[in-house]
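Structure record follows, encoded as structure tokens.
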Amino acid sequence: MYEFIIELKNVSKYYGYGLLGISRFAAVDDVSLGISNKPLINVIAGESGSGKTTLAKIILRIVKPDKGQVLFNGKDLWRLNRKDLDEFYKSVQPIFQDPYDSFNPYEKLEIPLLKTAKKFLNGNDKEIIAVVEKALEVVGLSFDMIKGKRKDELSGGQLQRVAIARALIPSPKLLVADEPVSMLDATLRANILNIFKELKDRRGINILYITHDLATAYYIGDYIYIMFRGTIVEHGPIEKVLSEPLHPYTRTLIDALPSYEKRERFIKEPIELKETELKEFLLRGCKYYYRCPYATKKCFEEKPPYIEASPNHYVMCWRYVGSS
Ligand code: ADP
Ligand code: MG
């Protein structure tokens, strides 16, 4: 088996801006990462407008990158033959932020589950239903609990569990979950996060957990990528990164954690300032330049390289150049 299920090599995605949309900025800027075949919970964390969802869509083959390569089991994701592409759609399953968006309002909930099972698996009706039942059991639901119900008859937490059950039907290897608990009440969040943990521990499923919330990231994550304005500014084992953060942006994220209001404000401020966001995206050096207390002329002019500060813990910052 190839070491990585998904590998990104210098991947960039540009979007247009301005009245005519002719000028472009990189929503994902030269990102390289590898999601290993071992069951792990990899986290991508960063404030809104960091490019997390764009990155998720690139991994899910929803968005085609403008530069770089995406590999699935070592093969170019955009040049797969039919058989490998089918394998990709089975192996890599998405979970989105709003479970209400994932289901048709007029359809009874068992319908999309049965459809998914029929699409991916061979078997008679009885076997198909058994697979759906099994998937629902894994997330703490039963066929009877959802049968005949429409999406607005379930709570957000229950519906997100149905969405996870559907994603489990084809026996995926990787779940890409983009802010899967951010629409849910705090009390329901832990429940969904525990399901992810169990999927990893008991079923060996790999999870890419995308979030703006370091607290939930720390709760379930093994390895973390900190994303800021399209770039991964730091990555490493989550314990290490959160206990010994190196990049000034990571530190700000962590400092903002204890007080809930402070954290909310920190996350919201930059997105309201669309102009600032664009200004940061367009920086050719370090994207954190305007906010960084240590910024120098060099940071403005040149993008910093990655420095491996300790085993497997990388930071993209000029301050560490020459110090390792
Ligand atoms: P995040 O998920 O971290 O909030 P996104 O990937 O959604 O970040 O967005 C990153 C940046 O790209 C934002 O400035 C957003 O407005 C912009 N963006 C996202 N999708 C599009 C699109 N389809 N067209 C133009 N700009 C986009
Ligand atoms: Mg997003």
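The values are calculated or read from the model by the stated rules, or taken from the named source; none is laboratory data. Keep in mind the model is a prediction, meaning the values are calculated, not measured. As a convention, Cβ positions derive from the backbone with ideal geometry for all residues, glycine included, and neighbour counts pool all protein chains shown.
When the residues of the range 172-213 are filtered to those that are over 25 Å from I5 (Cα atoms) and within 16 Å of ligand 1 (Cβ to nearest atom), which remaining residue is surrounded by the fewest Cβ atoms within 10 Å (Cβ to Cβ)? Even if it seems obvious, please write down each step before you answer.
The initial filter retains those residues of the range 172-213 that are over 25 Å from I5 (Cα atoms), namely 182-191, 213.
Filter again for within 16 Å of ligand 1 (Cβ to nearest atom), leaving 182-183, 213.
Values: S182: 14, M183: 18, D213: 18.
For the range 172-213, the residue satisfying everything is S182.
Out of all the residues in the range 107-119, is one or more within 16 Å of ligand 1 (Cβ to nearest atom) and β-branched (V, I, T)?
No: the range 107-119 contains no residue that is within 16 Å of ligand 1 (Cβ to nearest atom) and β-branched (V, I, T).
Take the residues in the range 197-216 that are within 14 Å of ligand 2 (Cβ to nearest atom) and either under 11 Å from the mean Cα position of the chain (by Cα) or at pLDDT 95 or above (or both); name whichever of them is nearest to T54 (Cα to Cα).
Restricting to residues being within 14 Å of ligand 2 (Cβ to nearest atom) and either under 11 Å from the mean Cα position of the chain (by Cα) or at pLDDT 95 or above (or both), the top hit is I210.
Which residues, taken from the range 43-81, are in contact (Cβ under 8 Å) with a residue 24 or more places away in the chain, away from ligand 2 (no atom under 16 Å from the Cβ) and assigned to a strand (DSSP E or B)?
Correct list: K67, G68, Q69, V70, L71, F72.
Answer with yes or no whether K126 is surrounded by 12 or more Cβ atoms within 10 Å (Cβ to Cβ), more than 18 Å from A190 (Cα to Cα) and not hydroxyl-bearing (S, T, Y).
Working: surrounded by 12 or more Cβ atoms within 10 Å (Cβ to Cβ): no; more than 18 Å from A190 (Cα to Cα): yes; not hydroxyl-bearing (S, T, Y): yes.
Criteria not met by K126.
Checking R150 against (1) more than 16 Å from ligand 1 (Cβ to nearest atom); (2) without any contact (Cβ under 8 Å) to a residue 40 or more places away in the chain, which single condition isn't satisfied?
Here R150 meets the rest and fails (2).
Quick one: would you say K38 is closer than 30 Å to K197 by Cβ and not in a helix (DSSP H, G or I)?
yes
Of everything in the range 277-296, what is assigned to a helix (DSSP H, G or I) and not hydrophobic (A, V, I, L, M, F, W, C)? Give them in sequence order.
Within the range 277-296, E277, K279, E280 qualify.
Do we find that D98 is surrounded by 21 or more Cβ atoms within 10 Å (Cβ to Cβ) and either within 16 Å of ligand 2 (Cβ to nearest atom) or on the phi < 0 side of the Ramachandran plot (or both) in this structure?
Considered against the rule, which asks whether it is surrounded by 21 or more Cβ atoms within 10 Å (Cβ to Cβ) and either within 16 Å of ligand 2 (Cβ to nearest atom) or on the phi < 0 side of the Ramachandran plot (or both), D98 comes out as no.
For a quick check of your reading of the model, give me the residue pairs whose first member lies in the range 269-285 and is closer than 21 Å to D30 by Cβ and modelled with pLDDT of 80 or more, whose second is assigned to a loop (DSSP other than H, G, I, E, B) and within 16 Å of ligand 2 (Cβ to nearest atom), with beta-carbon atoms closer than 7 Å and at least 6 apart or on different chains.
Short answer, once both residue conditions are applied: E277/G49; E280/R229; F281/R229; F281/G230.
How about the range 13-29: which of its residues are in contact with a Gly (Cβ under 9 Å, 6 or more places away or on another chain), over 27 Å from I205 (Cα atoms) and in a strand (DSSP E or B)?
Within the range 13-29, K13, Y15, S23, R24, F25, A26, A27, D29 qualify.
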